[in-house]
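Since the structure comes first, as structure tokens, the remarks are kept for the end.
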Amino acid sequence: MKILIVIPALGSVYGGPSKSVVELAQALGSLNINVDLVTTNANGATKLEVPLQTWITEKYYRIQYFPYWGPGDYKISFCLTQWLFCHVTDYDLVHTNAIFSYAVLPAYWACQQQRVPYVIAPRGMLEPWALSYKAWKKRFYYTFLEKPALQHASAVQMLASTEAERTKPLNLNAPLIIVPNGIHIQDFEFLVEPELFYQKFPATRNKTLILFLGRVDPKKGLDLLAVAFAKVHAQFSQTHLIVAGPDNIGFLPTAQGYFTQSGCLNAVTFTGMLTGSLKYAALAAVTVYVAPSYSEGFSMSVLEGMASGLPCVITSGCNFPEAAEAAYVVNIDADEIADALIQCLKHPQRAKAIGDRARQLIFEKYTWDRIASTLIEVYTAILKKQSIPALY
């Protein structure tokens with residue numbers, strides 16, 4: 001089986017979606033699926049310094065980057081367009097990731113023209129909050145470009161049951177399949193020592209650390225977190241908040257302003273994006289993980305927090321109702337976020353037990369090996385023109 005994965009960009013500034021697609025490609029390739037990945041060299045305000053229009057062989061898959069131009073998220077690449085029309089017939093199936101970006105449109109058009117089946121993963125961009133954000137731009141684009149592509153897809157991959165439920169009012173013809181993101185167990189079997197993080201950010205040493213791990217972006221709920229953390233810090237003066245993530249849209253000054261207004265900026269460290277050993281050291285150093293999001297597809301960082309055995313406070317916007325027995329799942333509300341964080345700090349033994357359950361849940365059900373196997377079942381059913389099996 002030969003699969004082509006298309007995504008508008010893989011730059012690190014795009015956070016979880018980029019990471020999850022790369023890890024999915026690795027997982028599929030490790031199960032003897034022939035996987036190619038095509039994308040642009042976009043990386044926010046900069047461009048990736050990578051070879052262009054040539055295959056780069058990675059472990060278990062190949063990747064090819066194409067130059068692009070265009071404002072914002074559209075990433076218009078005529079050479080990628082030409083390549084797709086010439087080469088989609090080299091593949092049994094095409095799997096696109098993200099919507100509202102030009103880069104995936106020619107994949108749909110080429111597949112439709114040349115009768116190649118394709119699967120679309122919107123990655124949270126059909127969520128009501130996501131559709132309402134800058135809705136004036138999205139309405140025309142969705143009606144005339146995205147919806148026709150979705151209607152002709154062999155399947156639309158939802159990352160969570162709640163995402164599928166919220167997408168039903170759109171009345172898509174394509175079957176909705178629920179296949180979440182995952183983690184590699186080996187990355188979390190043994191956490192590194194936290195000392196590396198303390199050395200890099202000495203203001204965090206000897207503090208009770210709360211971690212937000214994600215892009216600095218309006219949908220991530222940092223306005224709610226500022227209010228919640230101010231309430232927590234008033235009761236637990238030793239607490240310190242880590243805001244770890246890239247700022248690819250220039251939102252950082254606004255986010256810092258939230259904490260200034262709440263009177264707790266001096267107890268917050270903005271680290272920028274954490275990767276590799278430094279990220280794992282941060283996960284080892286903190287006491288509680290928090291995700292106050294308004295909307296997510298299926299957060300990679302939530303999986304990482306839970307796989308690290310941390311008590312996690314997440315909102316219903318994180319689209320992970322299955323975590324209810326292994327995390328504090330609260331409404332999208334600053335007071336509820338604060339109350340859950342306070343419960344973690346007041347009752348550390350109970351919080352540890354929840355963290356242990358979280359780790360067990362992720363290791364049992366949300367590994368890339370399992371998820372890749374599930375997707376192979378989907379691909380096989382599509383290619384054999386069979387009913388797609390019930391999943392998750």
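For region 49-77, which positions are among the hydrophobic types (A, V, I, L, M, F, W, C) and at pLDDT below 95? W69, I76 - these are the residues of region 49-77 that are among the hydrophobic types (A, V, I, L, M, F, W, C) and at pLDDT below 95.
Take the conditions (1) within 29 Å of T367 (Cβ to Cβ); (2) outside the structural domain of V116 (by TED's automatic domain parsing); (3) not in a helix (DSSP H, G or I); L196 misses just one of them, which is (3). The single condition among (1) free of Cβ contacts under 8 Å to residues at least 24 places away in the same chain; (2) touching a strand residue (DSSP E or B) at 6+ places or on another chain (Cβ under 9 Å) that A160 does not satisfy is (1).
Yes/no per residue for (1) in contact (Cβ under 8 Å) with a residue 60 or more places away in the chain; (2) of a type in the set (G, A, S); (3) part of a strand (DSSP E or B):
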position	(1), (2), (3)
F298	yes, no, no
V302	no, no, no
G305	yes, yes, no
A324	no, yes, no
E336	no, no, no
A340	no, yes, no
L345	yes, no, no
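Residues in region 72-95 that are within 9 Å of V116 (Cβ to Cβ) and outside any helix (DSSP H, G or I): Y91, D92, L93, V94. Candidates L241, L196: the one that is at pLDDT 95 or above, touching a Ser or Thr at 6+ places or on another chain (Cβ under 8 Å) and closer than 27 Å to H347 by Cβ is L241.
The set of residues from region 169-188 being in a loop (DSSP other than H, G, I, E, B), of a type outside the set (A, V, I, L, M) and touching a Phe, Trp or Tyr at 6+ places or on another chain (Cβ under 9 Å) comprises P180, N181, G182, H184, F188. Of all the criteria given as (1) surrounded by 24 or more Cβ atoms within 10 Å (Cβ to Cβ); (2) without any contact (Cβ under 8 Å) to a residue 40 or more places away in the chain; (3) of a type in the set (F, W, Y), the one not satisfied by Y258 is (1).
Number of residues in region 18-52 that are of a type outside the set (A, V, I, L, M, F, W, C) and either surrounded by 23 or more Cβ atoms within 10 Å (Cβ to Cβ) or not in a helix (DSSP H, G or I) (or both) equals 13. Taking the numbered list (1) at pLDDT below 95; (2) exposed (fewer than 15 other Cβ atoms within 10 Å of the Cβ) in turn, Y133 passes all entries but (2).
Would it be correct to say that A291 is among the aliphatic types (A, V, I, L, M), surrounded by fewer than 24 Cβ atoms within 10 Å (Cβ to Cβ) and at pLDDT 95 or above?
No; evaluated as a whole, the condition is false for this residue.
Residue count for region 79-103 satisfying the condition of being modelled with pLDDT of 95 or more and hydrophobic (A, V, I, L, M, F, W, C): 9. Restricting the search to region 203-231, which residues are assigned to a helix (DSSP H, G or I) and farther than 23 Å from G263 by Cβ? Scanning region 203-231 gives a single hit, K219.
Picking from residues in region 257-272 that are of a type outside the set (V, I, T) and in contact with a strand residue (DSSP E or B) (Cβ under 7 Å, 6 or more places away or on another chain), the one that is farthest from S18 (Cα to Cα) is A267.
Among the candidates E127, E146, single out the residue that is crowded, with 20+ Cβ neighbours inside 10 Å, outside the structural domain of G297 (by TED's automatic domain parsing) and modelled with pLDDT under 90. Answer to the check: E127. Among residues of region 58-117 being small (G, A, S) and surrounded by 17 or more Cβ atoms within 10 Å (Cβ to Cβ), the one that is farthest from the chain's Cα centre (by Cα) is A110. Going residue by residue through region 235-252, is there one that turns out to be hydroxyl-bearing (S, T, Y) and farther than 22 Å from Q343 by Cα? No, because not a single residue in region 235-252 is hydroxyl-bearing (S, T, Y) and farther than 22 Å from Q343 by Cα.
The values are calculated or read from the model by the stated rules, or taken from the named source; none is laboratory data. What you are looking at is a predicted structure, and each value in this text was computed from that prediction instead of being measured. Because the Cβ atoms are built from the backbone with ideal geometry, glycine has one as well, and the counts that use them run over all protein chains shown.
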